[in-house]
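Chemist: Handing you a structure now.
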Amino acid sequence: MIYPVISTKTPIFLTNPKTPRIHESCTKLRSISRSSQHQNPIQNDIKPKTQFINPVLMTNTKSHYGFQAMLSLCGLGYWVQGFRCFPWLALNFHMAHNLNFNPSTLQLVQNSANFPMVAKPLYGILSDAFYIAGPHRIPYICIGVLLQILSWGQLALIPVTGQTLPSLMACVLLSNFGASIEEVSKDALVTEHGQKHRIKGLQSYSFMALAIGGILGNFLGGYFSHKLQPRTMFLIFSALLSFQLAISSSECLGLSHRQTPTGKSITDNIRKHLSGLMIAISEDTISKPLTWILTSIAMVPILSGSTFSYQIQCLNLDLSVIGMSKVIGQLMLLSLTLIYDNHWKQIPMRKLVGGIQFVYAFTLLLDLILVRQINAGIHISNEVFTLCFSGLAETLAQFKILPFMVLLATLCPQGCEGSFTSFVASTVCLSSLVGGFWGVGLAALLGIKGGDYTSLPVGLLIQFVAALLPLGWIHQLPMSCPAEKEMKKCIGETQGFERVVGSVRI
């Protein structure tokens, strides 16, 4: 996740809501820098041996090691995050077959489980403002992984836990609570290192790790669904989480301890980061793209629970077929991410996102072809059609978020990485929840339930129309990101000014 390098002591556009725009701040910085050079003649007399050295040069080896360690730690974390589909596939099968949940209840559980994700800004602000003894973010990763181990471990080792809806929901909520804390910390950690090392495109690598984990998780989940009990699959995932916890803990213990920054109280730091977050998201360059992606997600009703139940109950598809269809979808997500990272970054954002949204709307009609059995009329079996096309819409829905993450990460202020990235992630999750509950309400309104899927085609058509509507305000998206160049230019001048002025603060 890449953000411009802005001084953590003096953020340029977060110190005051009425601060002039970036290019005006740059003009003032130029004049202050020139005046400071005249007023500080001692600066010109400093011998070369006593000149300030770029901190990156002084700690190049240590910085390089820390960056490699961060890549390994976060890469493993994102991979495990993608592999979460392995226990979730077993859980969905357990709820649909063993507990006999109807489609609406199944989808309600799936969406309600994401409620902890909505509170991500709270975790982000806390991780920004309060340093647990250790390397800042990594202890939060350890806490999140530990909570997931407790959740899936209970489902694996205590049989009664997965037999009733309240206890099942409690474990799922605890798991997603831990996952949300971990995701916030990983996102912020990648953001900080992207700023520090000025590497653009780390988000693409995060998506790649997620896709690789999803590929393996769906493949193994589909293969072992009929060979292993769901509790055994939960136990396998708990063991994988334990391995991740061991790696994260060793990394945490191997780094130096740090204290809460600036010596201020936790309350003051939380208030500072909350104020900075509110000012950042009020900028048009951030608010308009964010509003578009949120509305485009929220207004499309999600009927995944109904389609999953239809495939299992009416088409009698094997769970391995559904798992393999998701493997193919994750392979496509990985391919699209690679293509985006190497070629599509140069395409204007409005044009790229508009094309993705248009194709996404039409892929929603593929489920309609399966429900109407049009594929059987052209001699394509349900298994083959599901394998090849069932996961396309979900893949495009995931990939559509990537350009926005790259854009918003570029505009994120330094010092608010945790709170800003967590706010973006939580709002995306909240919009998905709205779409999910909108789908539950639509299914109930149309009378879609177990054994009666006659109205499912109508729901799929409503999905298609709803997905086309956001194209009506696609003009809210920028053709490019001109503010990025201005921001980077101002950042460079700010850093140069700090080296000249020394202890003088803006």
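Chemist: Hand me the trypsin sites (Lys or Arg not before Pro) from region 261-324 located in a DSSP loop with no more than 15 other Cβ atoms within 10 Å, in residue order please.
Modeler: Answer in residue order: K264.
Chemist: Ignoring ligands and nucleic acids, what accessible area does W438 show with a 1.4 Å probe (Å², nearest 10)?
Modeler: 100
Chemist: Tally Lys/Arg at +1 and Asp/Glu at -1 over every other residue whose Cβ is under 12 Å from the Cβ of A443; what's the total?
Modeler: Spelling it out: positives minus negatives among the neighbours equals 0.
The values are calculated or read from the model by the stated rules, or taken from the named source; none is laboratory data. The structure presented is a predicted model; accordingly, all values stated were derived computationally and were not measured. Neighbour counts are summed over all protein chains in view; Cβ atoms, including those assigned to glycine, are modelled from backbone coordinates with ideal geometry. Areas reflect the complete protein model, heavy atoms only, side chains present, ligands, DNA and RNA absent. Shrake-Rupley method; radii C 1.70, N 1.55, O 1.52, S 1.80 Å.
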